[in-house]
1. When you go through (1) in a strand (DSSP E or B); (2) farther than 19 Å from I212 by Cβ one by one for V228, which number turns out not to apply?
2. For region 198-217, name all the residues that are closer than 15 Å to L271 by Cβ, among the hydrophobic types (A, V, I, L, M, F, W, C) and in contact with a helix residue (DSSP H, G or I) (Cβ under 7 Å, 6 or more places away or on another chain).
3. Just give me the residues in region 233-276 being free of Cβ contacts under 8 Å to residues at least 12 places away in the same chain and exposed (fewer than 10 other Cβ atoms within 10 Å of the Cβ), in sequence order.
4. Say whether the condition of being assigned to a loop (DSSP other than H, G, I, E, B), more than 27 Å from the chain's Cα centre (by Cα) and loosely packed, with under 11 Cβ neighbours inside 10 Å is met by at least one residue in region 179-194.
5. Residue by residue through region 87-105, note down the ones that are in a loop (DSSP other than H, G, I, E, B) and of a type in the set (S, T, Y).
6. If we keep just the residues of region 150-178 that are aliphatic (A, V, I, L, M) and farther than 17 Å from A99 by Cβ, which is surrounded by the fewest Cβ atoms within 10 Å (Cβ to Cβ)?
7. Which of the following residues is within 23 Å of the chain's Cα centre (by Cα) and surrounded by fewer than 18 Cβ atoms within 10 Å (Cβ to Cβ): R93, R60, R98?
8. Tell me which residues, restricted to region 160-182, are under 22 Å from C34 (Cα atoms), of a type in the set (G, A, S) and in contact with a Lys or Arg (Cβ under 9 Å, 6 or more places away or on another chain).
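The values are calculated or read from the model by the stated rules, or taken from the named source; none is laboratory data. As the structure is a computational prediction, the values presented were derived from the model and not from experiment. Methodologically, a virtual Cβ is constructed for each residue, glycine included, from the backbone with ideal geometry; neighbour enumeration extends over all protein chains shown.
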Amino acid sequence: MSCRRASSESASELVRLFVERSPVDTQDPLESMCFHVRKLRADATRAGSKPPFEAVLHLRHIDDPEYDDGLSCDGCLVPKGRAYADGFRMLLRSGAPRARTRFTFAHEICHSFFYEIVPEIKFSEHSTDDEEERLCNTGAAELLMPADSIQRDADGRAMSLSTLTSLASEYGVSVDAMLTRLRGLRIWSCELTVWHRLTNGRFACDRKLGGINHPGWQWLDPSVLEGVWNEPKAHSQSGRVFVSFTDDQGRDYSTLVYYEAQRRGGAVFALWSRRKMPKAASPLFRKQARRSKSDPPSGSGLLDRVS
């Protein structure tokens, strides 16, 4: 993530050249980024005596991360010279949650691809490129949560809050990042909402991932959230309910969703789906997706030293 001011331009010469010069037959920037990340993962696991964490940094000419209390953003990649081979310093903001720091770390690694492939733009004065940032987020997701590995590990498991939490823990990422990945790979089609209780006892939507993101979402039956709030620790409720919001033009929008909701600390987490949430497959019929010795390690192990 850059600390410079973001540009409003969506299509960029930087990304066009990145795709054009990448050694893969595609016009899709996302496919180009994933090609470079997958190659990096493969190269890191073949780096001999170097652990994958150190191998990734070495391969991308990046020094060990430095932590800075005064950093105004989550992290940034700082060139040490005027060429890719001169290397980089990586600055990360101190005190951020570990999962967020790991994602920032992976995101900054992906910026190094642009310095290598399009140096005439990256080593000159330029504003933050929104498309580059989006691609680095995609690359970070592929680095930490490889598509093949996620497909394998999610196979046969219930679409539920417990599965979401388990997968996020296994890969060392936040539940938000994991849900975004599962949705992006079309493994899950649900949405995540997080609710905080106000001083008047009502609940407000703190954030929503997937679907229509609007701050005014409400449950038409508020007693559902109240019941979840009063449930014993770690218990969840599920069912169907209407949810709605009123847009800025005063138009009402409502839909019927299946849900699973659970109180976690001072918030209620809820998964929504337009379709009934499938349960876990029976072990008797579940595909036995076994890792071979040649399989790369999962995302949780590649960058374990990032704290």
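1. Unmet for V228, out of (1) in a strand (DSSP E or B); (2) farther than 19 Å from I212 by Cβ: (1).
2. Hit for region 198-217 is L209, nothing else.
3. Listed by number, the residues that qualify are D248, Q249, G250, R251, D252, G265.
4. From region 179-194, those assigned to a loop (DSSP other than H, G, I, E, B) are 185-190; that's our starting set.
Within this subset, residues satisfying the condition of being more than 27 Å from the chain's Cα centre (by Cα) are none.
No, that holds for no residue.
5. Within region 87-105, S94 is the sole residue that qualifies.
6. In the first step, residues of region 150-178 are kept if they are aliphatic (A, V, I, L, M); the result is 150, 154, 158-159, 161, 164, 167-168, 173, 175, 177-178.
Those still in the list that are farther than 17 Å from A99 by Cβ too: 154, 158-159.
Numbers: A154: 20, A158: 15, M159: 22.
Ranking the qualifying residues of region 150-178, first place goes to A158.
7. Details: R93 fails: surrounded by fewer than 18 Cβ atoms within 10 Å (Cβ to Cβ); R60 fails: surrounded by fewer than 18 Cβ atoms within 10 Å (Cβ to Cβ).
Selected residue: R98, the only one of R93, R60, R98 that is within 23 Å of the chain's Cα centre (by Cα) and surrounded by fewer than 18 Cβ atoms within 10 Å (Cβ to Cβ).
8. Step one: list which residues in region 160-182 are under 22 Å from C34 (Cα atoms), which gives 167-168, 170-182.
Next, from what is left, pick out any that are of a type in the set (G, A, S): 168, 172, 174, 177.
Those that are under 22 Å from C34 (Cα atoms), of a type in the set (G, A, S) and in contact with a Lys or Arg (Cβ under 9 Å, 6 or more places away or on another chain): G172, S174, A177.
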